[in-house]
Amino acid sequence: MHEEGASRREALQLGAGGLMAAMALDSTRAFALTGDMAGLEWSNNAMRWVQVAFTEDDPPNYDPQFWFDLFRKTHADAVCLSAGGCICFYPSKLPLQKRAKYLGDHDMFGEMVKGAREQKMSVIARVDPHAMSNEAFAAHPEWAACTVDGKPRRHWAAKDMWVTCQNGGFMFDFMPQVLKEIADTYQPEGFFGNRWAGSGMCYCNTCRMLFRTATGMDLPTSDDPQDPQRHAYIAWNAEMRWRQFKLWDDTVKASKADCFFSPNGGMNDPNKVTIPIVAVDRQGRHGTTPVWMMGKFAKITRAYMHNLPVAGIFNVGVEDDNRWKDSVQRGPELAAWMHGGIAQGFRPWVCKFNARVFDPRWVAPVTDIYEWHFRNDRYMRNTENLARVAMINSTQTGIYTAGGAPLTAGDNIPTAQRVTDSQNGYYQALVEARIPFEMADDRQLEGRYIDRYRVLVLPDIAALSDSQCALIRDYVQKGGRIVATGETSLYDETGKKRRNFGLVDLFGCDYVKTENGIKNSYLTPRHPHDLTKGLEDAPRIIAATQQITVKPHADTRQPLTLVPAYPDLPMERVYPDVLETDIPMVFCNEVGKGRVVYFPMDLDRTFWEVLAEDHLVLLKNAVLWAAAEPQPMTVTGPGLIDVAYWRQKNSLTAHLVNMTNPMMMKGPYRQVMPLDGPFTVTLTVPHGVDTKKVTLLDSGKAARWHRKGQTLTIEVPSIRLHEVVAVDLS
């Protein structure tokens, strides 16, 4: 069960982070909002954000002029400031809203709002309702979250506070009063709700009664999403969060028509609610987080935001479960993390905990990032990503594998981790292959969302509904191509196992069984085939540790076959009984007007674990064979480079992010290591546009280029960290 360990990071594991917006009066509009967004067009224009998260001892000790100067230096368009909730930083008239300990009659929030607006910045008010004071608890003990035995939960870190129930009076009665008071008094452009959705499972009487009334059941005590109570709770909790969001959003709109509430950690359902700009709360790396992960978060968010703006929150402190917020990350780490996100469409949003500045070493690198972004502002206002490949992000596969083991596990690997690792493995392969790609959302597989892509990659997308399978089938029949791995489509949308794959007709084989923990098994490449290009000198390569036994529909020769597992100890027994078989471990099929590659194994997850180059070759070749067309952007030259290809109103931009660094996947960047080229970048230019000028934005130099038909070839001498090839169109 999740108690105090339920964090923002867990809430955002499979989707987007918080949601917020602002305006910059002098900026050029990136694109127009329509429908329910009409009147909020200003939200497109906030390109650079600053967040200051106040602490209780800030009011008598901080220097507001430092922040106003920083806003100017960073060309910030919008600011997010702590206002109220569990603790407030303005003179609230609500008796149960605890004022900051040293606030007195000082209006710190109002002071900062005034200074920001003097610079024509927009203001988002941050509220945090996840805890309440002893006074509030004494007046309303029913507002507290409870453990499974019904005992109120003390806050895990602040022992003089109590954890609030996400479904009780604090959220549904008290917080609307807080929001109204702030909105009426300060008229902010929007609100940001931190930890707004609760802090794990609550078993208070309110939750028990509401859940029983809605479902006729008691609250679940099992994490297994296939348990009927847990299954019902997932849907009920989602509905309660929608009601909470709608109440809070309606409350602030009643005070200011173009205001809105933006919840951190939820409301990312593209078919239910859309908010003008989303900010993803992924504040930094820790452990073995690869530096490309910030870009992945951008892609996941844009998969359902589509062409609406997204911002990436990064923290100048050290981001870890231990949360050293008053320490400082060095410049190379900050720059690598944020530039990786900017290349994939993020707008920078720096977050500083504590308005006092103990250690100012973060100021210069953050200013450098923002000044770079400001100089190149018009090339950052993206209107379309030109990638032809997309990876499916499956929220439901994550939800219905997040606890228990409804999908096939093994090797003591949690099922949700297996799903995440499969996605990360294929992501790493596409980055190394320099194939520009996007993410697509499994909740929007209709043609108007996915027909723009030539290839969809499904990395162990186990949970797919019948209707989702039908949409994918239609996509392939019309000429689309898919690459799928592992148990893709073996379960329905709620994680219930099917007897056969939902995409059985596309895969060209029937499901028999899944085996996990397979050791010392191999694959035999069969030549010639596009899938095995680059493996001509390899008589066999490592097989995956999860293998799906299947029955082929036809006796066709496939380019990979199985060498069955044999003992790995004692050493005297390490030899195969069978040198090769005809058992296919990939199916390369032409279906309708499309193509399908299916690996009946977790090749992508195994690649993430061992990073074997042979697996990289297979994963890359699978996409290229399926596509059967040139990629819209290619890069030749040394090193590990993340790429992206964008269109703006009057330009094209090709992003090249240098990730060649021993600290790419473990530990902080100590220094940026420039790559000496030369690099050759080829771009497919959209029809009907002429090339006027090509500039390298980071070096500031005009580029050598030539164009033949729709192909533009550019020479890039070197890449420091983030070079952008900017193509002005006429």
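The values are calculated or read from the model by the stated rules, or taken from the named source; none is laboratory data. Bear in mind that the values here come from a model prediction, so they are computed numbers and not experimental data. Virtual Cβ from ideal backbone geometry, glycine too; neighbours counted across all protein chains shown.
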Output the residues belonging to the stretch 184-222 that are under 30 Å from the mean Cα position of the chain (by Cα) and aromatic (Phe, Trp, Tyr). PHE191, PHE192, TRP196
Please identify the pairs in which a residue from the stretch 178-190 that is farther than 17 Å from MET112 by Cβ has its Cβ atom under 6 Å from the Cβ atom of a residue that is of a type in the set (Val, Ile, Thr) and surrounded by fewer than 20 Cβ atoms within 10 Å (Cβ to Cβ), counting only partners at least 6 apart or on another chain. LEU179/THR251; LYS180/THR251
Residues satisfying the stated conditions in the stretch 486-497, i.e. within 13 Å of THR514 (Cα to Cα) and surrounded by fewer than 23 Cβ atoms within 10 Å (Cβ to Cβ): LYS497
Please specify each residue of the stretch 547-557 satisfying the condition of being in a loop (DSSP other than H, G, I, E, B) and either β-branched (Val, Ile, Thr) or modelled with pLDDT under 95 (or both). ALA554, ASP555, THR556, ARG557
Would you point out which residue out of LEU619, LEU569 is assigned to a helix (DSSP H, G or I) and either farther than 20 Å from ILE461 by Cα or in contact with a strand residue (DSSP E or B) (Cβ under 9 Å, 6 or more places away or on another chain) (or both)? LEU619
Give the residues of the stretch 446-457 that are in contact with a helix residue (DSSP H, G or I) (Cβ under 8 Å, 6 or more places away or on another chain), touching a residue at least 40 places away in the same chain (Cβ under 8 Å) and outside any helix (DSSP H, G or I), sorted by residue number. ARG454, VAL455, LEU456, VAL457
Restrict the check to the stretch 361-379 and report whether at least one residue is in a loop (DSSP other than H, G, I, E, B) and surrounded by fewer than 23 Cβ atoms within 10 Å (Cβ to Cβ). yes
What residue, of GLY688, GLY667, GLY677, GLY700, is in contact with a strand residue (DSSP E or B) (Cβ under 6 Å, 6 or more places away or on another chain), modelled with pLDDT under 95 and not assigned by TED's automatic domain parsing to the domain that holds HIS306? GLY677
Residue pairs qualifying under the 8 Å Cβ cut-off, at least six apart or on distinct chains, with the first in the stretch 465-491 being part of a loop (DSSP other than H, G, I, E, B) and the second being among the aromatic types (Phe, Trp, Tyr), are GLY480/TYR453; GLY486/PHE599; THR488/PHE501; THR488/TYR598; SER489/PHE501; LEU490/PHE501; LEU490/TYR511
Suppose we filter LEU40, LEU33, LEU25 for residues that are exposed (fewer than 14 other Cβ atoms within 10 Å of the Cβ) and modelled with pLDDT under 95; which single one remains? LEU25
So TRP242 passes all but one of these: (1) buried (at least 21 other Cβ atoms within 10 Å of the Cβ); (2) closer than 21 Å to CYS207 by Cβ; (3) modelled with pLDDT of 90 or more. Which condition number does it fail? (1)
Among strands (runs of 3 or more DSSP E) completely within the stretch 91-177, the ones holding 1 or more residues that are at pLDDT 95 or above, over 31 Å from the mean Cα position of the chain (by Cα) and not acidic (Asp, Glu) are 131-133, 161-163
Against the conditions (1) in contact (Cβ under 8 Å) with a residue 24 or more places away in the chain; (2) over 18 Å from the mean Cα position of the chain (by Cα), where does ARG282 fall short? Just the number, please. (2)
Here the qualifying pairs (Cβ atoms under 7 Å; residues six or more apart or on different chains; first in the stretch 300-318 and more than 24 Å from VAL366 (Cβ to Cβ); second of a type in the set (Phe, Trp, Tyr)) come out as ASN307/PHE31
Under 8 Å between Cβ atoms, which residue pairs at least 6 apart in sequence (or on different chains) link something in the stretch 578-593 that is farther than 17 Å from THR532 by Cα and at pLDDT 95 or above with a partner that is surrounded by fewer than 18 Cβ atoms within 10 Å (Cβ to Cβ) and of a type in the set (Gly, Ala, Ser)? GLY592/GLY479; LYS593/GLY479
In the set ILE313, ILE342, ILE300, which member is of a type in the set (Val, Ile, Thr), out of contact with any helix residue (DSSP H, G or I) (no Cβ under 6 Å at 6 or more places or on another chain) and in a strand (DSSP E or B)? ILE313
So which residues in the stretch 680-730 are buried (at least 19 other Cβ atoms within 10 Å of the Cβ) and touching a Pro at 6+ places or on another chain (Cβ under 6 Å)? THR684
Would you tally the residues in the stretch 559-577 being of a type in the set (S, T, N, Q) and at pLDDT below 95? 0
